[in-house]
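What follows is calculated from the coordinates using simple rules that are stated; it is not laboratory data. Model, not experiment: these values are computed from the prediction.
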Amino acid sequence: MAVLQHGRTEPSDTEDRPEQPPTAVRHGTPTAVRHRNPTAVPRQPPSGLPGGHPARTPLKGLLALALLLAAVLLLVTGAHRIRPAPYGDHLTPGPPAPGARARGDLVEAYDGRTLRWRYARVGRRPLSVLPTRGQAITVWDDGLVTDTDGRSVRWHRALPAATGWLRARGGAGVLRLLDGGILAIVTPARIAAYRTGDGDLRWVLPARAGCAFRPERAVRHGSALLVAQPCVHGAWTAQLVAVDDLGGIAPHRTPLGNDPPRAGRPEHPRTEKALAPPR
């Protein structure tokens, strides 16, 4: 140690200096030798690189995803249940009944004195009910016709341009049952026939120009329904029409059948031209 004035000492050039790492000579060039730190943590390669561990999804993330999916399922189910019924239908189901009638805003079906089921439409009033084979066909004040068997509303059909007339005159004589499971709906402008099994439209007979049908004056004669058709100008023979389940009764008619179509049996089986042989 070097002695300074006033008794202080100062380290010499060779004392208390940090130890310098040894050097290695390779091809005449000195290179520092690196010492490994035994306490250092080895670096891991990223998970996305080869040799890395695959990323693990946290358990909390999976739980949050499951809760989100459950919430979405509950919302979808709730929206399906609270959505309004088509046409405002409200049916209290029950077994089929032979009799049905309109009572206020409801259609009620009875087996004797036992109430079997009720059917209503929001804001609508039934005008006339036709019971048939355990079903109830109803015409409503908004021009809709429905068929109900107590378990479901089987079909809905709308009457064009008849709402005002129905509300003013009611539904007397509008629903007429024909042979072969065919329903005739008589309004002043037309007679339309539907298959009661599925509501399929079978034929339409419009009133003559200047004439109008009178459903309350229709009468059944055998298999035919005779409907009054008063005209402003016309012979008395034109003021009465006769229809059956196949349509208007006229000489030499070739009506279509009303049976439901079957597999392999088209509804119009003879489609070839009348004046040319089939190829």
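Can you list, largest first and rounded to whole Å, the semi-axes you get for region 120-257 by taking the square root of 5 times each eigenvalue of its Cα gyration tensor?
Working: eigenvalues 126, 69, 27 Å².
Its equivalent ellipsoid spans semi-axes of 25, 19, 12 Å.
Using only Cα coordinates, the Kirkwood hydrodynamic radius of region 181-266 works out to 13.8 Å. For region 172-248 and region 88-167, what is the separation of their C-alpha centers, rounded to whole Å? Region 172-248 and region 88-167 have Cα centres spaced 22 Å from each other.
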